[in-house]
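Below you'll find the structure, written out as structure tokens, and then a few comments.
The values are calculated or read from the model by the stated rules, or taken from the named source; none is laboratory data. A quick note: this is a predicted structure, and the numbers were derived from the prediction, not measured. Cβ coordinates were reconstructed from backbone atoms using ideal geometry, including for glycine residues, and neighbour counts include every protein chain displayed.
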Amino acid sequence: MPLVDHNAVHWGALARAALGLALCPLLFGVINRVKAKFAGRTGQPLLQTYFDLARLLKKGAVYSRTTTWLFPMGPLLGLACALAALCLAPLGGMPGLLSFEGDLFLFAGLLSLGRFATAAAALDTGSSFEGMGASREMQFAVPAELAQILGLAALAQATGSLSLSEMLARIDMVRWEAAGPVLALTGTALFLVLLAETCRIPVDDPNTHLELTMIHEVMVLDHSGPDLAFILYGQGVKMWTLCAMLAGLLAPVRSGDPLLDVSLGVAGVFALALVMGVVESSMARLRLLLVPRLLVGATALSALALILLLR
Amino acid sequence: MLSLVEFILVGLVLTNLVLLGTSRIGLCIRMVAFQGVGLAFLPLLGHGDLTWSSLAISAATALLKGWAFPTLLFRSLESAHVRAEVEPYVSYSGSLLFGVAALAVSVWLGGRMPLPGPGVPQLLIPVAFFTILVGLFGIVTRRKAVSQVVAYLVLENGIFAFGAVALRKAQLLVEMGILLDVFVAVFVMGIAIFRINREFDHIDSGRLASLKE
């Protein structure tokens, strides 16, 4: 008897997705606040990203004459992919809006498609810097995706399910005691993937303003107004989705009460944002040459977890 | 629940991956020392009860691999005045990917081999194979003489891991013999590195191949 009913759309799942949509810009605020505390500054208001989004949505967009329809499509497709991924992701052990056998591949594919849209829009501008950023993003995506797929495969093998919601619903303290090292390896690998996917230190520095060292930020330089708001919000949704997954894996506290479980899941997401802030304040970003090595290392960890399970 | 032996074996795999992925020779030497100390516990855990012979092996292993070899290697590194980079022929990412492939091959190979006795953890044979493969890979692909010595030690660690749990009888004699051999080998290699460095001002084995009379 599966723990998750695949065919029904639950009002609860809808509420959880709406919660993600409403709270995801706050994650940036939490990370920035942690960094500010570490640096001894007051920092931006916690709700700064909401203000930014509102300001950007009020503005008009400027399009260069060299760009084609690809350029405005990039942010739209990116946001659409992030939203679709959010629908698949469970929160606090409760299923996402959609779930079916094998949806973990759709999940990884959606994240890839979003990245492709951003990179294609960046190439469409014809700017050499944006081409460089797109090239780097794609180069780092190769090991990151491998690590993610292998990590999810290890989770699928550990829990005996191919659906994200089912998989994370089955992970609890008992399973941690039985297969702790494997889950810890997978969790570490997925955390590194999270840092790479959301473009945080040590892979990418969201605050850098030197085009030569930027990766994600340089790809979105030419976007303005609502397009930039879509990209920013898409990043937030993506971060929320990945954090919710990882929190479900690392802190599988299940009480049985749906409301309590969801609030625990949300607490886990914000705890991960806190950890990301601490990581960002305590270390510098890696040299560009070292980033692929870090991500290949994450792939090795995922592969190790999978091999430990398959032996 | 993984036992302490399996915990050490997983640690062995992780340190092997670090050895493949890092560029600092100093970190490599520390990782090998770490492996050696972890392995020193294996003879104690493999048996039901503590005996003097297994205690002696553990103490000798920990002393040699945890203290003597690193000291020797750090000293030759210092005296050779080289940049503390590994400078491999194969890129670090390539090495890591080789590590994953080697791990898969060793698991496949380990699954086909009969376990040498009851009470031997399933993970042991794959991990020992993996460590030996990583050592061989390091000897072939690393450019500097010091990192080749480190890779040789990794290879020996793999053999030791295999022997420490699998061999129950006549262990003391065999292990002590191996330890003595390794000690002499590392000693000689240390002297050789020093001599090579004094003659040629470098310890790059790639450039030694183009020597002329």
TODO: Restrict the check to segment A:133-151 and report whether at least one residue is farther than 22 Å from residue A:288 by Cβ and either more than 14 Å from chain B (Cβ to nearest Cβ) or among the small types (Gly, Ala, Ser) (or both).
DONE: yes
Task: Condition broken by residue A:84, with the remaining ones in (1) free of Cβ contacts under 8 Å to residues at least 40 places away in the same chain; (2) in contact with a Lys or Arg (Cβ under 9 Å, 6 or more places away or on another chain) satisfied - done: (2)
Task: Failed criterion for residue B:135 (all others in (1) within 14 Å of chain A (Cβ to nearest Cβ); (2) in contact with a helix residue (DSSP H, G or I) (Cβ under 9 Å, 6 or more places away or on another chain) hold) - done: (1)
TODO: Among residues belonging to segment A:158-183 that are in a helix (DSSP H, G or I) and of a type in the set (Gly, Ala, Ser), point out the one that is farthest from the other protein chains (Cβ to nearest Cβ).
DONE: A:165
TODO: Only residues in segment B:184-203 that are within 17 Å of residue B:29 (Cα to Cα) count as the first member; pair them with residues that are assigned to a loop (DSSP other than H, G, I, E, B), Cβ under 7 angstrom, at least 6 apart or cross-chain, and list the lot.
DONE: B:193/B:203; B:203/B:82
Task: helices (runs of 4 or more DSSP H) contained entirely in segment B:1-81, each with at least 1 residues that are out of contact with any Leu (no Cβ under 9 Å at 6 or more places or on another chain), within 14 Å of chain A (Cβ to nearest Cβ) and modelled with pLDDT under 85 - done: B:4-21
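Does any residue of segment A:131-138 turn out to be in contact with a strand residue (DSSP E or B) (Cβ under 8 Å, 6 or more places away or on another chain) and either of a type outside the set (A, V, I, L, M, F, W, C) or closer than 23 Å to residue A:261 by Cα (or both)? Can you show your working first?
Of all residues in segment A:131-138, those in contact with a strand residue (DSSP E or B) (Cβ under 8 Å, 6 or more places away or on another chain) come to none.
Within segment A:131-138 (the criterion being in contact with a strand residue (DSSP E or B) (Cβ under 8 Å, 6 or more places away or on another chain) and either of a type outside the set (A, V, I, L, M, F, W, C) or closer than 23 Å to residue A:261 by Cα (or both)), the answer is no, since none of the residues qualifies.
Kindly indicate whether any position in segment B:146-155 is at negative phi, out of contact with any Leu (no Cβ under 9 Å at 6 or more places or on another chain) and not in a helix (DSSP H, G or I).
no
Matching residues to (1) surrounded by fewer than 24 Cβ atoms within 10 Å (Cβ to Cβ); (2) under 26 Å from residue A:90 (Cα atoms); (3) at pLDDT below 95; (4) more than 18 Å from the chain's Cα centre (by Cα):
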position: A:197; (1), (2), (3), (4): no, yes, yes, no
position: A:200; (1), (2), (3), (4): yes, yes, yes, no
position: A:210; (1), (2), (3), (4): yes, no, yes, yes
position: A:215; (1), (2), (3), (4): no, no, yes, no
position: A:248; (1), (2), (3), (4): no, yes, yes, no
position: A:252; (1), (2), (3), (4): yes, yes, yes, yes
position: A:261; (1), (2), (3), (4): yes, yes, yes, yes
TODO: Please indicate, with yes or no, whether at least one residue in segment A:130-137 is over 27 Å from residue A:80 (Cβ atoms), among the basic types (Lys, Arg) and over 14 Å from the mean Cα position of the chain (by Cα).
DONE: no
Task: Neighbours by Cβ (under 7 Å, 6+ apart or cross-chain): first from segment B:96-108, surrounded by fewer than 19 Cβ atoms within 10 Å (Cβ to Cβ); second of a type outside the set (A, V, I, L, M) - done: B:98/B:137
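Would you call residue A:278 among the β-branched types (Val, Ile, Thr), more than 12 Å from chain B (Cβ to nearest Cβ) and surrounded by fewer than 16 Cβ atoms within 10 Å (Cβ to Cβ)?
On the way: among the β-branched types (Val, Ile, Thr): yes; more than 12 Å from chain B (Cβ to nearest Cβ): yes; surrounded by fewer than 16 Cβ atoms within 10 Å (Cβ to Cβ): yes.
Yes; evaluated as a whole, the condition is true for this residue.
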Task: Extreme residue, farthest from the other protein chains (Cβ to nearest Cβ), among residues of segment A:281-298 that are part of a helix (DSSP H, G or I) and more than 21 Å from residue A:146 (Cα to Cα) - done: A:281
Task: Of the criteria (1) surrounded by fewer than 20 Cβ atoms within 10 Å (Cβ to Cβ); (2) within 14 Å of chain B (Cβ to nearest Cβ); (3) of a type in the set (A, V, I, L, M, F, W, C), which one residue A:301 fails - done: (1)
